[in-house]
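The values are calculated or read from the model by the stated rules, or taken from the named source; none is laboratory data. Owing to the predicted nature of the structure, the values given are computational and were not obtained by experimental measurement. Every residue, glycine as well, gets a Cβ built from its backbone with ideal geometry; the counts of neighbours run over all protein chains shown. Note: areas computed on protein heavy atoms with side chains; ligands, DNA, RNA excluded. Shrake-Rupley method; radii C 1.70, N 1.55, O 1.52, S 1.80 Å.
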Amino acid sequence: MRLSQVWIVASHDLGLLRRRRSITAGLVGFPIAVAVGFPLLVDYLLHRSGAAIPSSLLGGLIDSFSFFFVIGAATIPVGIASYSIVGEKVEKSLEPLLATPTTDGEILLGKTLAALLPTILAVWAGATLFMILMDRVTSKTLGYLYFPNWEMAVILLALAPLVALFAVEASILISSRVSDVRSAQQLSALVFFPFVLLYVLGEIGVVPLDTTNLLYISGALALVVLGLFALSRETFQRDNILTRWQ
Amino acid sequence: MRPGKCVVRSRPPVGGPRPQALEVLFDPAVLRAGPQMIDAEGLTKTFGDLTAVDRVSLRVREGEVFGLLGPNGAGKTTTVRMLTSLISKSSGSATVAGCEVGNARDELRLRRQIGILPENVGLYEAASAYQNLEYFGRLQGLDAATLRGNIERLLRMMELWEKRDLPVGSYSKGMKQKVAIARALVHDPVLLFLDEPTANLDPEAAKTVRDFILELKRERRTIFLNTHHLDEAERICDRVGILRTRLLRVGSPEQLRAELWGNRTLVRFASVSEPLQAALRDRLAPRHLEWQGRTLLVEVRDAERENPEIAEAVLAAGGKLTELSALAPSLEDVYLKLIHEKEPGA
Ligand SMILES: Nc1ncnc2c1ncn2[C@@H]1O[C@H](COP(=O)(O)OP(=O)(O)O)[C@@H](O)[C@H]1O
Ligand SMILES: [Mg+2]
């Protein structure tokens, strides 16, 4: 595995993605919407609506908003990964690519990075803005700064990257089996379903999304991601790509 | 030459100084002496129950243009994909540019020495011609200066330099095909595979591409060309192989013609009569005769020796001839004969 080769593939894919407005819009729009929208909402509830929200409830509310960055990590890379695989299928550019002195693993890793890096950067940037704004809005009511805290650290450093990786691998697997970008994206969008379910379970208190549980979930997810990675290695083999992919 | 190349010998770079003595290049003795660029033995590919390529053995020498001719589904693309290690072979063995096909350790070295124009151009349509070539040059490990130089030389050669920054999606089919050929050449490979380079092109675009291939041939680049255009094969290739799952025959176009189709002599008369036809039937027996109006086609083994005899026979029979000439069958005749005669597996 030569990282230089991986990076050539990744930077090329990133260059192509920059031209796709739907992808850049999601990449920039989602984190900003969450980072600005929720603090505005909390600001309204606390200071303008006249409703009295006890500070004990406020923490739970902010936590559940934080979880949206996990959902983002599951949705953002789907469009990118689907495009970077199915796009090549549609343009039939995989064959010349495979004819270069680049291994299957290098191509796969390059494409994975091209979907993963912008996602993680977007989530981190959005979450930073979110934490700053949320602190500003809530510090008076709470009497302390809610962020940074361990939950958010686990979400940003472990859970979100793993979720993004999970979404990328799943998208690659799905993309290898369909032949147009739209159905790849629609199918891959199902990836975010388990995380919505997790969110709901957290909200109704079945699986409280505290630091310990978030770490457990991250650990379990890491195993799933390893499995998916092995599967996508298996799928992304030149012999399969040229003879078995549709 | 980069280190670790398994190539046999080097040639001048793309668009570089052309060898002066063209005669030397086409001297059969020189060609025969050249080292093998491709050496395949019993190459076979099966897809489930289907045998796509059956025990193909062939050799291509350095500097040679080899054409693989065959109808759709004959296994041309599959053969090229095996030779370029894009797909695995089911059995057999092959050495390409000194690298062993199917040997994982030789694979990357092999791909550095070959360029391939696949059946589908497979360009990134949103990217410019320059960016397309740049990407592949970088993947081939070229340093920035060499890469820039190669891209400029190739795009100028293809008359695409002025349009280099436009997205490839805005190009015509012929232009795209040229960009794809440039992409195959960007790292200056010793061996070039072209899979049906003029298929789906209008006649004018096909001609530009064909002229370009001839240009590459003059540079003594080794080319493996898949085609179902007989005319193209005949004009470009030093040798052709006729493939229909199995390799039915290999030889130069002239060899194949002579070997498979004795020659014919055409005799045109001022006028034709029943008695003349009867007299010629006697005098020219046992040769096979075919009348087409005032024209007679006589099958001959050796035109040099037999044509004077035919002329004498015509005069003796009282015929007034206006023309007598040796007819060579086209490669097309040979091809159709082979393709229709030999069913695969027969
Ligand atoms: N991936 C594949 N799976 C099954 N059959 C294939 C595959 N690729 C090619 N074939 C079959 O192999 C035969 C040769 O195909 P191909 O090499 O593409 O022929 P050509 O390039 O001469 O038109 C055809 O019958 C084709 O249908
Ligand atoms: Mg083909």
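Applying the criterion of at least 1 residues that are more than 14 Å from chain B (Cβ to nearest Cβ) to the helices (runs of 4 or more DSSP H) found wholly in the range A:157-246 leaves A:160-175, A:181-188, A:193-203, A:211-235. All conditions but one from (1) at the interface with another protein chain (Cβ under 8 Å from one of its Cβ atoms); (2) modelled with pLDDT under 95 apply to residue B:104; the one that does not is (1). Residues that are part of a loop (DSSP other than H, G, I, E, B), open to solvent by less than 30 Å² (accessible area, probe 1.4 Å) and away from ligand 2 (no atom under 16 Å from the Cβ) within the range B:192-219 comprise just one, B:219.
So, in the range B:160-201, of the ones that are of a type in the set (S, T, N, Q) and modelled with pLDDT under 95, which residue ends up farthest from the chain's Cα centre (by Cα)? Looking at the filtered set, the residue picked out is B:172. Which of the residues spanning the range B:105-139 are of a type outside the set (A, V, I, L, M), in a loop (DSSP other than H, G, I, E, B) and open to solvent by less than 10 Å² (accessible area, probe 1.4 Å)? Those that are of a type outside the set (A, V, I, L, M), in a loop (DSSP other than H, G, I, E, B) and open to solvent by less than 10 Å² (accessible area, probe 1.4 Å): B:118, B:122, B:124. Looking at the range A:170-178, is at least one residue open to solvent by less than 40 Å² (accessible area, probe 1.4 Å) and among the basic types (Lys, Arg)? Checked the range A:170-178: no residue is open to solvent by less than 40 Å² (accessible area, probe 1.4 Å) and among the basic types (Lys, Arg).
Looking at A:191, A:225, A:137, just one residue is under 25 Å from residue A:41 (Cβ atoms) and either open to solvent by less than 50 Å² (accessible area, probe 1.4 Å) or under 20 Å from the mean Cα position of the chain (by Cα) (or both), and that residue is A:137. Checked against the criteria, residue A:76 does not count as out of contact with any Gly (no Cβ under 8 Å at 6 or more places or on another chain), within 24 Å of residue A:166 (Cβ to Cβ) and crowded, with 16+ Cβ neighbours inside 10 Å. If the condition is being more than 14 Å from chain B (Cβ to nearest Cβ), in contact with a helix residue (DSSP H, G or I) (Cβ under 7 Å, 6 or more places away or on another chain) and either among the hydrophobic types (A, V, I, L, M, F, W, C) or not in a helix (DSSP H, G or I) (or both), then the range A:1-27 contributes only A:27.
Cβ separations smaller than 8 Å between residues 6+ apart or across chains give the following pairs from the range A:86-104 residues that are more than 8 Å from chain B (Cβ to nearest Cβ) to residues that are open to solvent by 10 Å² or more (accessible area, probe 1.4 Å) and among the acidic types (Asp, Glu): A:86/A:180; A:90/A:180.
When residues in the range B:262-286 are screened for being without any contact (Cβ under 8 Å) to a residue 40 or more places away in the chain and crowded, with 18+ Cβ neighbours inside 10 Å, 2 of them pass.
Checked against the criterion of being modelled with pLDDT under 95, away from ligand 1 (no atom under 16 Å from the Cβ) and open to solvent by less than 40 Å² (accessible area, probe 1.4 Å), the candidates B:69, B:25 yield just one match: B:25.
Is it true that residue B:102 is surrounded by fewer than 18 Cβ atoms within 10 Å (Cβ to Cβ), more than 24 Å from residue B:138 (Cα to Cα), free of Cβ contacts under 8 Å to residues at least 24 places away in the same chain and away from ligand 2 (no atom under 16 Å from the Cβ)? When the stated conditions are applied, residue B:102 passes them. Within the range B:107-133, the set of residues being within 9 Å of chain A (Cβ to nearest Cβ), free of Cβ contacts under 8 Å to residues at least 60 places away in the same chain and closer than 20 Å to residue B:190 by Cα comprises B:107, B:108, B:111. When restricted to residues that are assigned to a loop (DSSP other than H, G, I, E, B), away from every other protein chain (no Cβ under 11 Å) and within 16 Å of ligand 2 (Cβ to nearest atom), the range B:62-89 contains 6. So for the range A:161-169 (the condition being under 16 Å from residue A:229 (Cα atoms) and among the charged types (D, E, K, R)), does at least one residue qualify? Yes; the residues of the range A:161-169 include at least one that is under 16 Å from residue A:229 (Cα atoms) and among the charged types (D, E, K, R). Scanning the range B:72-85 for residues that are over 16 Å from the mean Cα position of the chain (by Cα) and at pLDDT below 95 yields B:73, B:85.
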